[in-house]
Structures are given as C-alpha cells and as structure tokens.
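The values are calculated or read from the model by the stated rules, or taken from the named source; none is laboratory data. These figures come from a predicted structure and were not determined experimentally. Keep in mind that these areas ignore ligands, DNA and RNA; they rest on the heavy atoms of the full protein, side chains included. Shrake-Rupley method; radii C 1.70, N 1.55, O 1.52, S 1.80 Å.
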Amino acid sequence: MGRLDLDSTGLLILTNDGALTYQLTHPKFEHEKEYLLQIDGILTPREKQNLERGVRLEDGMTAAASIKEVRAAPFNYSLTIHEGKKRQIRRMFRASGIPRRGVKKDPYGKPVARRAERKSDQELTEREIKSLLNN
C-alpha cells in the first residue's frame with residue numbers, strides 16, 4: 001500500500017484483497033501515515049509551523065500535518081499525514097527549503113511494526129489485519 005523509493009525504507013504490504021486495499025488507501029478513511037525523518041539540525045519554529053499548516057505543491061496544498069521531535073537514531077523527527085500524494089514528504093521538504101537525509105515509513109500498527117523489523121515476507125494474521133483497519 002503506497003510507494004517506497006530508493007531513499008525510503010519501510011513496510012510494504014502486498015495483497016490481492018481489494019477491500020483491504022480500499023480501507024487502507026482511500027482518503028475518506030483518514031488513516032494516519034507516520035514517517036520518521038532524518039534531517040540535519042533542528043527545524044525552526046517557522047519551518048515546523050509551515051509543515052503543520054500544509055505546504056503548497058505544484059498539485060495543490062497538502063493537508064495539515066503533525067511534526068514532532070523524536071529520538072530514534074538516525075531519525076530526529078516524526079511527521080504524520082492523512083493523505084498520500086506521490087513523493088509527498090520529499091516534495092514538502094523541498095518546497096519548504098529543508099534538506100532531508102532519510103525517510104522511513106512507520107508501519108500501520110504495533111503488531112505489524114514488530115514483525116516488519118524481521119526483513120522477510122510473511123502472511124499477516126487475522127488479528128494483524130484487524131489492527132491495520134482499526135488504526
């Protein structure tokens with residue numbers, strides 16, 4: 001569900017379940033998407049405020065976001081959004097003039113997050129699927 005490019009890491013879910021895909025990706029369900037970011041230095045209050053209010057991109061304004069400092073080396077910020085425009089995080093930071101070094105998409109739920117660290121392909125359990133849908 002979604003995309004990871006060369007500069008990003010994270011969980012990939014492959015499915016042929018159309019209903020699950022719809023529930024996880026359609027904007028009307030407003031699933032939060034959290035990204036861990038590695039940037040040099042710290043954001044100024046103005047930079048943080050601009051990201052939180054939304055950033056004007058060539059295809060329109062992004063929705064409001066939530067950004068907070070984290071200590072999850074090498075990542076130092078967490079950004080949460082509800083939409084999923086193509087390469088949105090990269091584009092938001094570029095438009096804001098903030099260089100970012102790395103991005104990691106956090107998995108959809110805690111049970112899935114723990115398994116994602118194993119770097120292998122695995123089938124999700126019914127419980128994990130339910131936890132994805134309840135996020």
* To do: Hey, can you find the accessible area per residue of region 10-53 for me, probe 1.4 Å, expressed in square angstrom?
  => 68
* Structure fact -> Gyration tensor on Cα atoms of region 30-70, a ≥ b ≥ c root eigenvalues, a/c under 1.5 rounded, else prolate if a/b beats b/c, else oblate, says oblate
* With a 1.4 Å probe and all protein chains in place, put Val103, Val70 in order of accessible area, largest first. => Val70, Val103
* To do: Using a 1.4 angstrom probe on heavy atoms only, work out the carbon and sulfur share of the accessible area of region 40-93 in %.
  => 49
